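Worksheet: one structure, shown below.
Where a number appears in this text, it was derived from the coordinates with a stated rule and is not lab data. Quick caveat, the model's predicted, so the values are computed rather than measured. Heads up, the Cβs are rebuilt from the backbone with ideal geometry, glycines too, and the neighbour counts pull from every protein chain shown.
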């Protein structure tokens, strides 16, 4: 049992227990005092996390006794990654929509129907999995996250799960639920290629870790109504889909939220529809964690609601048995998650949580394809956010999206390659490092620190050229310590001053050694004796 496993002294669940019942099992008892395991290790999300707040009203803070998190080895691997690429690709890429599939919710019925039929003509001839992965490797990324299915319900993998009910948005008497029988996946398109498999195979060939994104809600499948931001609401939406402390706007004011497309109310889902929904949800998660070789992380997104949480919890217990080593993102599952993702910002300080984190931040205007070159933030932005995240103990993921043909914007490619060039010189101070203890991860606004796992090396990064001297007040090397620029073995002269601290002398002519991307930030290696 590892340090993240809870004490288990109760009986286990039988397979399918909660898929056949919509009531929670008993979570009381002394199995999880204060959410800690036998070693006293506490595993909790920050209460300020947006998605934690979404589910805090019904997902128990202390997970079920039968549940275990991923083992220490998976956590250690996660903490070693540091830099990754986040990919959003889907039907929305054909239309070059901002914000991925979210605009679907505000579309008119005609627009919704057109969107849902885009798959019939999608043929991304420019897609080449090896080219994509080669780009990620050249950028210095150690992993990528790929959208196996976004909220619109379109699957970019070969799923055997079938959609049995969908919405006909142009039915004569208004939007109507109709029978269907299709996977609604990339295998239904003229392309007929499992792009998820091709990407996973290419990643495994490069030794790159894989994170498959999967959306809990599904806006194509009408069985999923009204959970999360489903375009179909029901009379009991407030009971079925209320979400923790932060209520969904379509419940509090649905007419305003669906102002363009109009509010669509359908009957409450039947027990059969709920069971079919959760079975399909589980089947698809089984597929993506078992059909594509080693998958390191599953990037869950959004949530489903209190009514079906017992069944989702049973799914988690089932998936954990299939893949004990996989890391689950915490969205929709609270403290059952192994990691969480601050989105669109780097935390201002070291986080108030022992749950590992991975910042996700779009390089362009959104995570999907960005056509405007001016909106790409630049390699300097990537490097500074990466350094800042790693200094605080986290990881950083830059988000990009290809267009409908499977090609990335030239600006995204160039900025990623520049990042890779910087990492080839400075990566030793980034990959597989850990934050310094207490609150000494930085000095001022321009200096950040990391350290080696064995505490024998401190790495200092200056966002700007330090001039002829770099002065550090929180580092006290031994007499025989060697100090050098990362990627340059020549030692630098240094001394300790009782008043100023560590003073590192830098020959002025050395600035010429740092041209192009190498000047994005300046890394120093301080070997402690």
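A few notes on this one:
- Between helix 129-138 and the chain there is an angle of about 30 degrees, using the helix long axis and the longest principal axis of the Cα atoms.
- Helix 410-426 vs. the chain, principal-axis angle (Cα, 0 to 90°, nearest 10): 40
- Cα centroids of region 380-403 and region 51-80: 23 Å apart.
- At 0.692 mPa s and 37 °C, Stokes D of region 368-411 from Kirkwood alpha-carbon radius, µm² per second: 279
- Each label point was placed 7 Å from the Cα along the Cα-to-Cβ direction; for residue 176 and residue 499 their separation is 8.8 nm.
- Summary value for the chain: 18 percent relative contact order, contacts being C-alpha pairs under 8 angstrom separated by 6+ residues.
- Antiparallel content of DSSP bridges confined to the chain, in %, to 5: 50
- Degrees between helix 72-81 axis and first principal axis of the chain (Cα, 0 to 90, nearest 10): 70
- Length available on full extension from residue 125 to residue 239: 0.36 nm per residue minus the Cα-Cα distance, which gives 36.5 nm.
- Calculated on alpha-carbon atoms, Rg and Dmax of region 350-477 in Å: 16.4, 54
- Between the beta carbons of residue 53 and residue 489, assuming R0 = 45 Å, the FRET efficiency works out to 0.35 to the nearest 0.05.
- Whether region 442-527 is rounded, prolate or oblate, judged on the alpha carbon gyration tensor where a/c under 1.5 counts as rounded: rounded
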